[in-house]
Every structure is written in structure tokens, then in C-alpha cells.
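One structure is given below, encoded as C-alpha cells.
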Amino acid sequence: MPKNPHPLTPGPAPTTPPLLDDVDRALVQALVDDGRISNAALARRLGIAESTCVGRVRALRERGVVTGIHAAVDHAHLGRPLQAVVAIRLAGHDRAQVEAFGDEMASLPGVLAAFNISGADDFLVHVSAQSPDQLRDFVLDNIASRPGVSHVQTSLVFRAHPGRVVV
């Protein structure tokens with residue numbers, strides 16, 4: 001059997017999720033509910049000492065369980081009321097090209113998230129735009145005309161139904 005001239009490099013090693021006890025889970029849930037809660041209020045809410053609380057939150061950050069506290073933004077109030085999800089199929093699947101494509105998509109102005117997915121399409125890109133014309137121009141100029149892109153399908157987002165973080 002001939003050797004593959006382009007063997008795939010292995011992906012990252014599988015990791016086991018860090019074990020969380022009941023206090024850790026309650027801390028994470030409280031931070032998801034209100035990321036601006038003070039340490040004193042958080043400690044009171046959970047019935048633990050403030051020093052324990054600050055240490056536990058620090059440990060959750062260091063372990064990578066809590067990766068940041070973010071503001072939820074209404075894009076319409078920022079002048080970008082139109083949202084769409086763009087499904088993209090690539091012609092090839094060279095690892096370096098796929099990684100570079102994802103990084104490039106995520107860095108474009110107006111891109112809210114870029115997902116490398118399985119299935120018929122390779123990427124879903126969530127974008128916001130000021131108008132239908134701006135959305136069309138964005139897709140044509142930044143995605144459809146890119147070498148290696150074989151298919152693009154844009155779907156407008158009528159309404160988002162945010163999920164709930166499972167702790």
C-alpha cells in the first residue's frame with residue numbers, strides 16, 4: 001500500500017473536563033446569571049466566606065472553566081440590525097488552509113463568530129450588517145470570491161433564541 005504523501009497531523013490530545021463540585025457549579029451559574037456581581041454578593045449568595053469565594057473564582061479561571069466575562073450587545077443599537085448565518089463549503093480540506101480560513105473569517109469586521117463544522121458545509125459564519133446591500137457586498141467581497149470556496153448560502157436571522165448555559 002503506498003504511503004500517503006500528505007499524512008494528517010494529529011489533533012489536540014483529548015482532555016477530561018475538570019471536575020466541579022457543587023460550590024464550583026453554583027459559582028459558575030451565578031457568574032453566568034450576573035457576571036458583574038461583586039465578590040461579597042457572590043459569597044453571600046452561596047453562603048461561603050469571601051476569601052473562599054475569591055479563591056474559588058480564581059481557581060475556576062486558572063483551570064479554564066471561566067474564560068471571561070462578556071457584555072451582551074444588541075447589534076441593532078450599534079447600527080447593525082441585520083444578522084445572517086453564512087454556510088460555506090470549501091473545495092479542499094488541507095488542515096493549514098482550513099485553520100487559516102477560520103482565522104481569517106473570524107477577523108473580518110462584522111463577523112460575530114465563525115464555526116468549523118462537520119457535514120455538507122465546512123463553516124458557519126454569523127455576521128451582522130447595516131443593510132441587505134452591505135450584507136450582500138460582505139458575502140461577495142469577503143467569502144464567495146475567495147479562492148477555495150466552492151459554495152456559499154446565506155440565511156437571514158429573523159430572531160435569536162439564546163440558549164442557557166448548562167452547569
With a 10 Å cut-off between alpha carbons and a GNM built on the chain, which of Arg136, Arg61, Arg89 moves the most? Arg61
With a probe of 1.4 Å, find how much accessible area the chain has per residue, and write the answer as a whole number in Å². 70
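Carbon-plus-sulfur fraction of the accessible area of the range 46-140, 1.4 Å probe, in percent? Before the final figure, lay out each step's value.
On the way: 3030 of 5640 Å².
The C+S portion of the solvent-accessible surface of the range 46-140 is 54 percent.
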If the elastic network links every pair of Cα atoms under 10 Å, which of Ala106, Ala84, Ala120 fluctuates the most in the Gaussian network model of the chain? Ala120
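Pairs of Cα atoms under 8 Å, at least six residues apart: use those to get the relative contact order of the chain, whole percent. Don't skip to the answer; put the middle values down first.
On the way: 162 pairs, mean separation 38.4, N = 167.
It comes to 23 percent, rounded to a whole number.
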Calculate for the chain the 222 nm mean residue ellipticity that helices alone would give, adding -39,500 (n - 2.57) per DSSP H run of length 4 or more and normalising by residue count, nearest 500 deg cm²/dmol. -9500 deg cm²/dmol
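Tell me the net charge near Ser131. Cut-off is 15 Å between Cβ atoms, Ser131 excluded, with +1 for each Lys or Arg and -1 for each Asp or Glu. List each step's numbers first, then the result.
Details: positive: Arg80, Arg136; negative: Asp133, Asp137, Asp141.
That sum, taken over residues with Cβ under 15 Å, equals -1.
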Going by Cα centres, the range 83-103 and the range 114-142 are how many Å apart? 11
Hey, what angle do you get for helix 95-107 against the long axis of the chain, alpha-carbon based, 0 to 90 degrees rounded to 10? 70
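The values are calculated or read from the model by the stated rules, or taken from the named source; none is laboratory data. Nothing here was measured: the structure is a model prediction, and the numbers come from that model. When we count neighbours, we look across all protein chains shown, and the Cβ atoms used for this are built from the backbone with ideal geometry, even at glycine. Accessible surface areas use protein heavy atoms only, side chains included; no ligands, DNA or RNA. Shrake-Rupley method; radii C 1.70, N 1.55, O 1.52, S 1.80 Å.
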